[in-house]
Amino acid sequence: MNNTALTSVHIELGAKMVPFAGFNMPVQYEGVTAEHENVRNHVGVFDVSHMGEFLVSGPNALDLLQKVCSNDVSKLEVGKAQYSYLPNEQGGIVDDLIIYQIKEEQYLLVVNASNIEKDWQWISKYNKEFGADLRNISDQYSLLAIQGPKAIEAMQSLTEIDLSAIKFYHFEVGPFAGIEHVIISATGYTGSGGFEVYCKNEEVGQLWEKVFEAGKEFGIKPIGLAARDTLRLEMGYCLYGNDIDETTSPLEAGLGWVTKFTKDFVGSDILKAQKEKGLTNKLIGFKLEERGIPRTDYQITDNNGNVIGKVTSGTMAPSLGVGIGMGYVPIAYAEPGSTIGIQIRKNQIPATVVKLPFYKNK
């Protein structure tokens with residue numbers, strides 16, 4: 001089991017630790033609902049150092065990324081980030097990721113922890129044609145997600161960079177919490193604003209300490225992976241392994257907005273043909289109309305009890321007080337307002353298809 005540089009800190013704080021993607025990770029500290037609400041209303045810090053980081057450099061870096069990524073990487077410039085996915089050769093998804101342009105001819109890819117080795121092999125396979133400089137720096141870097149509406153105010157004392165000026169999906173590299181060359185990125189997985197900050201493993205202990213010192217008067221708390229999951233689900237964000245995987249269509253998953261057919265990429269012909277033909281299924285969000293908690297793999301039914309799909313992610317939404325979930329259903333049932341059923345043990349609980357996100361910032 002791998003540890004992050006902060007594992008001993010989480011254990012000292014009394015976190016419940018669980019194995020996740022090969023890492024020993026904090027799943028919760030004081031409880032999922034309390035932690036979730038703290039991010040929605042104040043500021044919370046996640047240790048997400050298990051995520052993978054690859055550096056892609058050199059004159060052919062862009063050509064390689066254009067080939068293996070679905071989005072148009074040429075639209076990036078230094079200081080900007082982009083959400084994308086790595087399509088496979090069958091029209092499925094190897095992984096989803098964020099691409100940062102660090103310098104001219106240099107990009108940082110941030111990939112899911114469970115897919116580090118798979119992604120590395122995949123990109124390396126295609127790089128034989130391009131010869132870009134590829135480096136897996138996952139073991140050297142730590143990542144904290146500082147999320148919540150008070151994040152800017154709470155963290156401003158730690159840097160001379162004007163945090164309020166960093167736009168969504170933009171980043172700055174500079175001094176933060178007394179450490180040089182920190183990547184401060186206005187990205188995150190919660191829908192409540194804030195930053196993701198990258199530094200070297202040997203620096204993250206100092207970073208964690210300073211961040212909590214600065215955030216004290218703003219109600220800062222450490223947050224576990226369980227609340228990260230409820231926060232992202234309220235936003236309708238896909239989780240790799242649940243809502244998207246090697247067998248799911250990115251177009252059916254609602255990722256058409258990061259699928260750019262203005263270039264050729266791996267599997268683009270398959271996806272283009274699928275788009276032209278029209279989709280048969282779609283990833284929907286639904287809200288239960290009665291009490292209950294939808295869980296992954298529960299059956300989705302039509303009003304007559306016929307199985308039409310299964311839940312890919314589900315929870316009791318702390319911000320909304322109702323059971324919510326996502327799953328793939330035939331197009332005929334995907335329109336917001338459609339009624340479906342969720343099989344929870346012996347009961348078919350009525351649910352309504354809703355437009356994502358479930359949670360909207362006040």
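Ranking request for peptides 166-178, 8-20: highest mean number of other beta-carbon atoms within 10 Å first, then the rest in descending order.
Working: 166-178: 16.8, 8-20: 14.6.
The packing order, highest mean first, is 166-178, 8-20.
Dividing the alpha-carbon Rg of the stretch 25-112 by 2.2 N^0.38 Å yields what? Walk me through the numbers before you get to the answer.
Values: Rg = 16.6 Å, N = 88, 2.2 N^0.38 = 12.1 Å.
Dividing the Cα Rg of the stretch 25-112 by 2.2 N^0.38 Å gives 1.37.
Got a number for the accessible area of VAL39? Probe 1.4 Å, square angstrom, nearest 10.
Near enough 0 Å² of accessible area.
From the P(r) of the stretch 69-150, can you give the percent of Cα pairs sitting at distances over 15 Å? Please list the in-between numbers first.
Details: 2127 of 3321 pairs.
Looking at the stretch 69-150, the distances longer than 15 Å represent 64 percent of pairs.
Tell me the accessible surface of MET1 in square angstrom (1.4 angstrom probe, heavy atoms of protein chains only), to the nearest ten.
Number for this one is 140 Å².
Using just the helices of the chain, give the 222 nm mean residue ellipticity in deg cm²/dmol: DSSP H runs with n ≥ 4 each add -39,500 (n - 2.57), and the total is spread over all residues, rounded to 500. Don't skip to the end; give the middle numbers.
Details: 8 runs with 76 residues, N = 362.
Helix contribution divided over all residues of the chain: -6000 deg cm²/dmol.
What do you get when you divide the Cα radius of gyration of the chain by 2.2 N^0.38 Å, with N the number of residues?
Values: Rg = 20.6 Å, N = 362, 2.2 N^0.38 = 20.6 Å.
Expressed relative to 2.2 N^0.38 Å, the Cα Rg reads 1.00.
Quick one: if the Förster radius is 56 Å, what FRET efficiency do GLU209 and ASN303 give, using the C-beta to C-beta distance and rounding to 0.05? Write out the running numbers ahead of the final one.
Working: r = 55 Å, r/R0 = 0.99.
Computed FRET efficiency for GLU209 and ASN303: 0.50.
Give me the log10 of I(q) over I(0) for the stretch 102-172 at q = 0.18, 0.26, 0.28 Å⁻¹, as the Debye formula computes it from C-alpha points; what are the numbers?
The Cα Debye sum returns log10 ratios of -0.91, -1.28, -1.37.
Quick check on my link table: of LYS287/LYS310; LYS263/LYS310; LYS75/LYS282; LYS67/LYS200; LYS275/LYS360, which ones sit more than 22 Å apart, alpha carbon to alpha carbon? Before the final figure, lay out each step's value.
Values: LYS287/LYS310 14 Å; LYS263/LYS310 34 Å; LYS75/LYS282 28 Å; LYS67/LYS200 30 Å; LYS275/LYS360 29 Å.
As for pairs spanning more than 22 Å Cα to Cα, those are LYS263/LYS310; LYS75/LYS282; LYS67/LYS200; LYS275/LYS360.
For the stretch 23-93, run through the GluC sites (Glu not before Pro) and keep only the ones in DSSP coil with at most 14 other Cβ atoms within 10 Å of their Cβ.
Working: sites: GLU30, GLU35, GLU37, GLU53, GLU77, GLU89; in loops: GLU30, GLU77, GLU89.
Sites meeting the loop and neighbour criteria: GLU77, GLU89.
Using the Karplus curve 6.51 cos²θ - 1.76 cosθ + 1.60 with θ = phi - 60°, work out ³J(HN,Hα) for each residue of the stretch 48-56 in order, rounded to whole Hz, and write x for Gly and Pro.
So the J values, rounded to whole Hz, are 10, 5, 6, 4, x, 10, 10, 9, 10.
For ALA332 and LYS167, compute 0.36 nm times the residue count separating them, minus their Cα-Cα distance, and round to one decimal in nm. Present the calculation step by step, with values, prior to reporting the outcome.
Details: separation 165, 0.36 × 165 = 59.40 nm, distance 3.79 nm.
Length difference between fully extended and current span is 55.6 nm.
Which residues does the label zone of ILE11 cover in the stretch 220-242, counting backbone N under 14 Å from a point 7 Å along Cα→Cβ?
none
Please compute the Cα-Cα pair-distance distribution of the stretch 173-332 with 5 Å bins starting at 0, giving whole percents from short to long.
All Cα pairs, binned at 5 Å, distribute as 1, 7, 13, 15, 14, 13, 12, 11, 7, 5, 2, 0, 0 percent.
The values are calculated or read from the model by the stated rules, or taken from the named source; none is laboratory data. These figures come from a predicted structure and were not determined experimentally. Neighbour counts are summed over all protein chains in view; Cβ atoms, including those assigned to glycine, are modelled from backbone coordinates with ideal geometry. For accessibility, only protein heavy atoms count, side chains too; no ligands or nucleic acids. Shrake-Rupley method; radii C 1.70, N 1.55, O 1.52, S 1.80 Å.
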